[in-house]
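Inspection log for the structure reproduced underneath, given as structure tokens.
Here, each number is a calculation from the coordinates, and none is a lab measurement. Predicted model, so just to flag it, every value in this text is computed and none were measured. Neighbour counts are summed over all protein chains in view; Cβ atoms, including those assigned to glycine, are modelled from backbone coordinates with ideal geometry.
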Amino acid sequence: MDDSLNVTALENVAIVKQFFKYYEKNDIIGLREIFDPDIEWHVPGHHPLAGTKKGIEEVIAYYKQLQKAKFRAEVIILEGNEHYVIDCHRGWASVGEHKLDIDWVLLYSIKNGKIKSMRNFPGDQHAADAFFWEVYKLKEIPDRLAIN
């Protein structure tokens, strides 16, 4: 087996471990350091936070929204290779009577020591959609349609 492949896989897993440390501390500066400037963060579903976030500013704005619900994560497993890291974690949040506690699988693309993209696979998309709709309400019309 190629030793450089093993080192790269370990380095990539370490980057995602660092991501979780920054996320847990709500360290926005740290998150900015490990994100590629052209990062794409794919969030599936049919809810107000769904869609692809492009660039660091959109990803940070998304994380600031998640912090409002005090999302927490507990890693179950992290594995990687020279290009990707897969994590499976328990993710939970609670806002008033609204709760979400499911497993998530995330696929990270790592390039030049930075997280280039991430694709999220919730264990229960219906539960995630219901939670996000209850917690992240859209503005009323016409405010929702107003151009700033």
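Key figures
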{"quantity": "Residue in the range 122-137 that is assigned to a strand (DSSP E or B) and crowded, with 17+ Cβ neighbours inside 10 Å present", "calculated": "yes"}
{"quantity": "Positions within the range 39-78 being part of a strand (DSSP E or B) and β-branched (Val, Ile, Thr), in sequence order", "calculated": "Ile39, Val43, Thr52, Val75, Ile76, Ile77"}
{"quantity": "Per-region count, the range 39-83, residues surrounded by fewer than 15 Cβ atoms within 10 Å (Cβ to Cβ) and within 22 Å of Thr8 (Cβ to Cβ)", "calculated": "6"}
{"quantity": "The range 55-73 residues that are among the small types (Gly, Ala, Ser), paired with ones that are surrounded by 13 or more Cβ atoms within 10 Å (Cβ to Cβ) and part of a helix (DSSP H, G or I) (beta carbon under 6 Å, 6 or more apart)", "calculated": "Ala69/Val135"}
{"quantity": "The listed residue being of a type outside the set (Lys, Arg), touching a strand residue (DSSP E or B) at 6+ places or on another chain (Cβ under 9 Å), under 22 Å from Ala14 (Cα atoms) and touching a residue at least 12 places away in the same chain (Cβ under 8 Å), out of Asp36, Asp124", "calculated": "Asp36"}
{"quantity": "Only listed residue being closer than 21 Å to Gly123 by Cα, under 13 Å from the mean Cα position of the chain (by Cα), surrounded by 15 or more Cβ atoms within 10 Å (Cβ to Cβ) and among the polar types (S, T, N, Q), chosen from Ser94, Ser109", "calculated": "Ser109"}
{"quantity": "Test: residue in the range 9-21 that is under 13 Å from the mean Cα position of the chain (by Cα) and part of a strand (DSSP E or B)", "calculated": "no"}
{"quantity": "Ile77 more than 16 Å from Phe121 (Cβ to Cβ) and among the β-branched types (Val, Ile, Thr)", "calculated": "no"}
{"quantity": "Residues satisfying the stated conditions in the range 14-69, i.e. among the aliphatic types (A, V, I, L, M) and within 17 Å of Ala93 (Cα to Cα)", "calculated": "Val43, Leu49, Ala50, Leu66, Ala69"}
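Yes/no per residue for (1) of a type in the set (Phe, Trp, Tyr); (2) under 15 Å from Phe19 (Cβ atoms):
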site: Val59; (1), (2): no, yes
site: Ile76; (1), (2): no, no
site: Gly91; (1), (2): no, yes
site: Ile110; (1), (2): no, yes
site: Tyr136; (1), (2): yes, no
